[in-house]
Amino acid sequence: MNEKGDGRGSAEIFVQSPPKLGNQYQDDRFLRAWLRRKLPAEVLRDIEPELDEMGRLAGGELYEFQLRDRLNEPQLTQWDAWGNRVDRIEVTPLWQRVAPLAASAGLIGIPYARRHGQFSRVHQFALVYLFHASSDLYTCPLAMTDGAARTLMVSGNSRLIERAVPHLTSRDPAHAWTSGQWMTESTGGSDVGASLTVARQLGDEWRLYGKKWFTSAITSQMALTLARPEGNGAGGSGLAMFYVETHDSDGRPNGIRIERLKDKLGTRKVPTAELTLEAARAELVGENRGGTRSIEPMLVVTRAWNSVTSVASMRRGVALAAAYAAERRAFGSSLSDLPLHVDTLAGMEAETRAAFLLAFELVELLGRQESNDMTGDERALLRLLTPIAKLLTAKQAVAVVSEAIEAFGGAGYVEDTGLPALLRDTHVLPIWEGTTNVLALDALLRGDLNSGLAAVLKRIESCRTSIVEPRLADLAQMPAAAITRVREWLKHHGDAAVMQAGARRIAITIGRALQLILLIEHAQWSLAIAGEDAAGTIAAARRFAATPVDQLNQILPEESQALLRPDA
Ligand SMILES: Cc1cc2nc3c(=O)[nH]c(=O)nc-3n(C[C@H](O)[C@H](O)[C@H](O)COP(=O)(O)OP(=O)(O)OC[C@H]3O[C@@H](n4cnc5c(N)ncnc54)[C@H](O)[C@@H]3O)c2cc1C
């Protein structure tokens, strides 16, 4: 661009066009193909207008709003002008826009209305997947709301089901509630058994006393939380799960003080608070012990949300990087014609598809569980896949989104492109809802790992029998071989410390083996259907197979100690 008279002299000035997003549903060829494969035609026909509309909003109005809203953050007002403690939080303009949208779109309501039976979870999470990256993590309170609704539903507590679930699942914004999940204390988020919050029974009523160290979505109307009824023993089994409404019927705080909002690396639009509970009125949801077990349904749901939002963040990074590559030129060509840049983007795309297939495998299993239409193997698969999908997709998201930042060169590092926020917001995904290590241990050491691995092998076999394409047949041997090696490894490394030290590598190997077979299965399907992207799906499977799927090795805990503490 040659500009004159603008005070910048007469030198040629170049202005780079920013990346543009289109309709995120129409542009996502992979999502649309997967939905065609998985959903009965009449179900897809019924939900497609909603997906199209969400895709339009996510790539247009909401994305533009998000960029304009970049500098706003939630504000906490602790006192009013007259000295009354009010602890009021004002959320950002984008959050004010998307809260009613999320309710009316049914992002929580859909799986409870169950219009499409076992496919209702796919319906819901396809919308969540489109919504997430343009919502400034409004998916955080939504995940906990869904988790709370599910937990109350399976608790059998009819009073609380009648009181709260209609609000949590409502599609009427004026009626809809969100829920928090208050577990983490300063003593530990992984080791919640160390919680110090006490529950005191006063007649028919329970009151809670303690401090909750990380409470996101503190603007919610209710929360599920853990506390130790007086007289109960130590550890997780001595905790009980409680239902708390954050305000009384006159709108006054229910014995809850917001001490401050956290000053965080990312998720800066999410108000995450430190709370003091001072005689907060609470209701016991079920038993007065075993709270860590009672709250598990919440974690199954929030980990599925984490997996889907991880993939959504990856998709946004890839979509922006691909759009930019088409606009940006270097060395006389478009970036999208430079072989190495194309190779880099293709690697990101293959990881994103692999993560998508694993996350949505989990979503499908959840839908079947809620339809009471599940085999024993599927139950074992759901149990093992929940922590593995969460930990693996979150790690993939950080890697892919980080690569997307680099794909913009220096622009990726500049705040008002909106790109750094995407990386910062993605970085929370491996931490909350269980860190990578804690979930790897959960996958391996709790539950029946043998049944889980047997179910994984059966799933792999069921995919492998459908493979007839020679370019895929060889690759299809790899996943079963990796799982067999996991079993061998476990047989020969019975020592508890060795098992713990290897847990992350084992979990990632199981997850990547499943991702590979799911890519292969999808590619085989594409080949058989005219008009599907067979070449692309085969390329994704071949490319993913060339990355380390099997991450097992023989590193022993004492070797790691020697590396970190040479003088010990
Ligand atoms: C933005 C944000 C929002 C959050 N919102 C909420 C919320 O709404 N509600 C809520 O309850 N919590 C919330 N959390 C807390 C979050 O769930 C915890 O931070 C997380 O579970 C980790 O707990 P911690 O911080 O105590 O770390 P720690 O448990 O101290 O872990 C520290 C490190 O030790 C590792 N580690 C721990 N145990 C083991 C082990 N046995 N073996 C190997 N490694 C181990 C972990 O992997 C981690 O790397 C939020 C956190 C963030 C960052």
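The values are calculated or read from the model by the stated rules, or taken from the named source; none is laboratory data. Being a predicted model, the structure only gives us computed values, none of them experimental. We place every Cβ from the backbone using ideal geometry, glycine too, and count neighbours over all the protein chains shown. Accessible surface areas use protein heavy atoms only, side chains included; no ligands, DNA or RNA. Shrake-Rupley method; radii C 1.70, N 1.55, O 1.52, S 1.80 Å.
Structure notes:
- Ranked by the mean number of other Cβ atoms within 10 Å of their residues, highest first, the peptides 528-537, 134-143, 319-328 fall in the order 134-143, 319-328, 528-537.
- For the stretch 244-390, accessible area per residue (1.4 Å probe, heavy atoms of protein chains only), Å²: 37 Å²
- The stretch 175-273: C-alpha gyration tensor shape, a/c 1.5 cut-off, then a/b vs b/c: oblate
- Tensor-based shape of the stretch 196-244 (alpha-carbon gyration tensor, a/c under 1.5 rounded, otherwise prolate or oblate): oblate
- Extension gain for Ser237 to Leu445 (0.36 nm times residue separation, less C-alpha to C-alpha distance): 73.2 nm.
- Lysine pairs within the chain, Cα separation less than 21 Å, 8 or more sequence positions apart or different chains: 8
- Under a model in which nothing but the beta-carbon of Lys, Arg (+1) and Asp, Glu (-1) is charged, the stretch 395-471 shows a dipole of about 460 debye around its Cα centre.
- Each residue was assigned an accessible area with a 1.4 Å probe, and for Lys395 the value is about 80 Å².
- Remark: the stretch 421-436, residue by residue, has Karplus-estimated 3J(HN,Hα) of 4, 4, 5, 4, 5, 5, 5, 7, 4, x, 9, 6, 6, x, 6, 4 Hz, where x stands for each Gly or Pro and the curve is 6.51 cos²θ - 1.76 cosθ + 1.60 at θ = phi - 60°.
- Antiparallel content of DSSP bridges confined to the chain, in %, to 5: 85 percent
- With the cut-off at under 15 Å, measuring from each backbone N in the stretch 137-159 to a point 7 Å along the Cα-to-Cβ line of Asn372 picks out 154-156.
- Most to least packed among 58-68, 179-189, 544-554 [average Cβ atoms within 10 Å]: 179-189, 58-68, 544-554
- Of the whole protein surface, Ile517 contributes about 0 Å² of accessible area at a 1.4 Å probe radius.
- Accessible carbon and sulfur surface of the chain relative to its total accessible area, %, 1.4 Å: 52 percent
- Rh (Kirkwood; distinct C-alpha pairs) - the chain, Å: 25.0 Å
- Net charge over other residues, Cβ less than 14 angstrom from the Cβ of Arg424 (K, R count +1; D, E count -1): +1
- In nm, spacing of pseudo-spin labels at Ser402 and Glu278 (7 Å Cα→C-beta vector): 4.3 nm
- For the stretch 197-275, size of Cβ-based charge dipole, Lys and Arg +1, Asp and Glu -1, in debye: 460 debye
- Integer Hz, Karplus 6.51/-1.76/1.60 couplings in order for the stretch 128-138, x for Gly and Pro: 4, 4, 6, 6, 3, 5, 9, 10, 6, 6, 5
- Overall form of the stretch 9-159 per C-alpha gyration tensor (a/c, 1.5; a/b vs b/c): oblate
- Between the C-alpha center of the stretch 240-273 and that of the stretch 490-516 there is a gap of 38 Å.
- Label-point separation, Arg36 to Tyr413 (7 Å along Cα→Cβ), nm: 4.2 nm
- Each peptide in 506-512, 411-417 receives the mean, over its residues, of other Cβ atoms within 10 Å, and ordering these scores from highest gives 506-512, 411-417.
- Comparing Cα centroids, the stretch 346-414 and the stretch 111-182 end up 20 angstrom apart.
- Placing unit charges on the Cβ atoms of the charged side chains and taking the dipole of the stretch 66-182 about its Cα centre, the candidate lying farthest along the positive direction among Ser158, Ala133, Gly180 is Ser158.
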